[in-house]
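Heads up: the structure comes next, in structure tokens.
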Amino acid sequence: MTLLTQSSIWQALSAHSKNIPHMRELFATDATRFNKMSLSSCGLLLDYSKNRATAETLDLLFALASNSQLEAKIKAMFAGEIINTTEKRAVLHTALRSTAEQSIIAEGQDIVPEVQQTLDKMQGFVDSVTSGKWKGYTGKAITDIVGIGIGGSFLGPKIVSQALRPYWNPELKCHFVANVDGTSISEKLKLLDPETTLFIMSSKSFGTQETLTNTLTAREWFLAKGGLQSDVAKHFVAVTSNVAKATDFGIDVDNIFPMWDWVGGRYSLWSAIGLPIALLIGMDNFRALLTGAHQMDEHFANAPLTENMPVIMGLLSLWYGNFFNAQSHVVLTYDHYLRGLPAYFQQLDMESNGKSVTLNGTDVDYSTGPVIWGGEGTNGQHAYHQLLHQGTALIPADFIMPLQSHNPIGEHHDQLASNCFGQTQALMQGRTLDEALAELANSALSESEKRLIAKHKVMPGNKPSNTLLMDKLTPSTLGALIALYEHRTFVQGAIWNINSFDQWGVELGKNLGNDVLARIGAEQDSDALDASSNALINLYRQGKI
Ligand SMILES: O=P(O)(O)OC[C@H]1O[C@H](O)[C@H](O)[C@@H](O)[C@@H]1O
């Protein structure tokens, strides 16, 4: 057994988990439950009252956090200690949204000046492109931006741009290409004019196969359409920590925006990786996004555990995963602009906490990161919510909704809000057999049919959910919301004592993919691998089954 599961606090939580009254009862016996179990910070309100938790539960969970040295671990991250021990790196995405007055030391050097210089360089670039000063090779202004990247170098810029659609510069269109499937870039290139298109190649390592291949294809297209090699600098810029590789590739050194080892890919939208966002919404709004995230950083670093939003959310999700066998967690955004957020949180959390050894190499004997999934409300209500209400799996849910819509037409937003709140209520209270029978009382069914149908209409309820509200979706509230989930992920990783900042599983896939590519291109059929892999490679070489 690990020290964690041996600890008395873990044992106490385990015993306590068997004795929590149904949430209906918890609400019926305490009219102040919402007041006690909600908090506001950084423009967000978290209602966590619809959870299987009593005051004792929370006390035990906070004690678990303290016993896991959570506060010291938070301090270590903000202080730039090498907490990504397997890659020997600091984890300082929080420095990207620090204020210019702060001083943050990584590897003996204050990194805030570099961060500020990069923001200034972004500012100059954004101003130049959006004012029309930056010209394409035929003297025309840029109309289309294509972000080429994958993983963290794609999802952050894409999802944040999508979320901040009301703030877009109407003169610019933005497209993203991630997949190495040639269809992805081909379909985009069909829409584009090489004279007015700017490609932003985003790759921290400048070594990711998909991104390199897509960028080469974009460059070939540009040259084939009439651009000259000497025009490439007007249409290709890069964001990378590997300047040497980018210049070798042919990117003008002035057009390279820096990245640093102390920023993980899935935490990088706050860096120059966010350049497509900045172009679309302007630098003032991009800085507001950073400010919102910074406010959440301050809250996370300074609020006591008992009033700390990321801590509370992290603990409650861990509560279900470790003590109620919940294997997944659903994120439901009641806002069309936030429809991509579940996918973003999926990468953030699953790539961070999909681990099974502790920092010192011991196998864990408890569940770590759950499957994160979700979608936009109300669409999901007409599909997978059925399983949330009546399925056998326990799936805790986060509901996220702005109080004011950017598109306040007719009754739309009232209906959206009532669906959101109605779902959390239904999940919590369920429907008893007596209630189901009462609903059928006046129907024409026989008594035995009523009993049968009523049985199918019973919903156990007691399904946990958090509700996160904001006044309006703005760059600042979005920054705070994303930082909240980053820190929630950190909290869980800290308690599980895993490294939330490496990704060796992903690396293995990359390496084996390269090996298979070599076999596909080899002179002879593959025979050195397992029988299945050999057969698949050789069928591919033949091009038919
Ligand atoms: O930015 P890059 O170096 O191209 O990396 C892009 C992505 O690829 C990897 O496989 C990682 O798992 C991601 O975290 C990363 O964001």
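The values are calculated or read from the model by the stated rules, or taken from the named source; none is laboratory data. Everything numeric in this text was worked out from a predicted model, so none of it was measured. Because the Cβ atoms are built from the backbone with ideal geometry, glycine has one as well, and the counts that use them run over all protein chains shown.
Of everything in the range 160-189 that is among the basic types (Lys, Arg) and over 30 Å from Asp248 (Cβ atoms), the residue that is surrounded by the fewest Cβ atoms within 10 Å (Cβ to Cβ) is Arg165.
Tell me yes or no: at least one residue of the range 280-301 is crowded, with 24+ Cβ neighbours inside 10 Å and under 23 Å from Asp59 (Cβ atoms). Yes: the range 280-301 contains one or more residues that are crowded, with 24+ Cβ neighbours inside 10 Å and under 23 Å from Asp59 (Cβ atoms). Scanning the range 214-225 for residues being within 16 Å of Thr240 (Cβ to Cβ) and either free of Cβ contacts under 8 Å to residues at least 60 places away in the same chain or touching a His at 6+ places or on another chain (Cβ under 7 Å) (or both) gives a total of 2. Output the residues belonging to the range 344-398 that are of a type outside the set (Gly, Ala, Ser), under 17 Å from the mean Cα position of the chain (by Cα), away from the ligand (no atom under 16 Å from the Cβ) and not in a loop (DSSP other than H, G, I, E, B). Residues satisfying the conditions are Val371, Trp373, Glu376, Asp398.
To keep it simple, each residue is scored yes or no on (1) at positive phi; (2) among the basic types (Lys, Arg); (3) in contact with a Leu (Cβ under 8 Å, 6 or more places away or on another chain).
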| site | (1), (2), (3) |
| --- | --- |
| Leu212 | no, no, no |
| Ala238 | no, no, no |
| Gly250 | yes, no, no |
| Gly265 | no, no, no |
| Leu275 | no, no, no |
| Gly282 | yes, no, no |
| Leu289 | no, no, yes |
| Gly292 | no, no, yes |
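Please verify whether the range 321-334 includes one or more residues that are free of Cβ contacts under 8 Å to residues at least 40 places away in the same chain and out of contact with any His (no Cβ under 7 Å at 6 or more places or on another chain). No, the range 321-334 contains no residue that is free of Cβ contacts under 8 Å to residues at least 40 places away in the same chain and out of contact with any His (no Cβ under 7 Å at 6 or more places or on another chain).
Listed here are the residues, each with its yes/no results for (1) acidic (Asp, Glu); (2) surrounded by fewer than 19 Cβ atoms within 10 Å (Cβ to Cβ).
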{"site": "Gln11", "(1), (2)": "no, yes"}
{"site": "Ser38", "(1), (2)": "no, yes"}
{"site": "Leu44", "(1), (2)": "no, no"}
{"site": "Glu56", "(1), (2)": "yes, yes"}
{"site": "Ser66", "(1), (2)": "no, yes"}
{"site": "Gln69", "(1), (2)": "no, yes"}
{"site": "Ile82", "(1), (2)": "no, yes"}
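Each row is one residue, and each column tells you yes or no for (1) within 23 Å of Lys457 (Cβ to Cβ); (2) in contact with a strand residue (DSSP E or B) (Cβ under 8 Å, 6 or more places away or on another chain).
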{"position": "Ser367", "(1), (2)": "no, no"}
{"position": "Gln381", "(1), (2)": "yes, no"}
{"position": "Leu387", "(1), (2)": "yes, no"}
{"position": "Phe399", "(1), (2)": "no, yes"}
{"position": "Pro402", "(1), (2)": "no, yes"}
{"position": "His406", "(1), (2)": "no, yes"}
{"position": "Gly422", "(1), (2)": "yes, no"}
{"position": "Gln425", "(1), (2)": "yes, no"}
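Look at the range 182-210: where a residue is within 27 Å of Val263 (Cβ to Cβ) and a partner is among the aromatic types (Phe, Trp, Tyr) and at pLDDT below 95, sitting 6+ places away or on another chain with Cβ atoms under 8 Å, you get Phe206/Phe249. Out of the residues in the range 385-404 that are free of Cβ contacts under 8 Å to residues at least 12 places away in the same chain and not β-branched (Val, Ile, Thr), which is farthest from Tyr320 (Cα to Cα)? By that ranking, first place goes to Gln386.
Would you confirm whether any residue within the range 130-146 is among the small types (Gly, Ala, Ser) and either within 24 Å of Trp262 (Cβ to Cβ) or within 16 Å of the ligand (Cβ to nearest atom) (or both)?
No; the residues of the range 130-146 include none that is among the small types (Gly, Ala, Ser) and either within 24 Å of Trp262 (Cβ to Cβ) or within 16 Å of the ligand (Cβ to nearest atom) (or both).
For the range 496-506, does any single residue satisfy the condition of being surrounded by fewer than 19 Cβ atoms within 10 Å (Cβ to Cβ) and farther than 20 Å from Asp349 by Cβ? Checked the range 496-506: no residue is surrounded by fewer than 19 Cβ atoms within 10 Å (Cβ to Cβ) and farther than 20 Å from Asp349 by Cβ.
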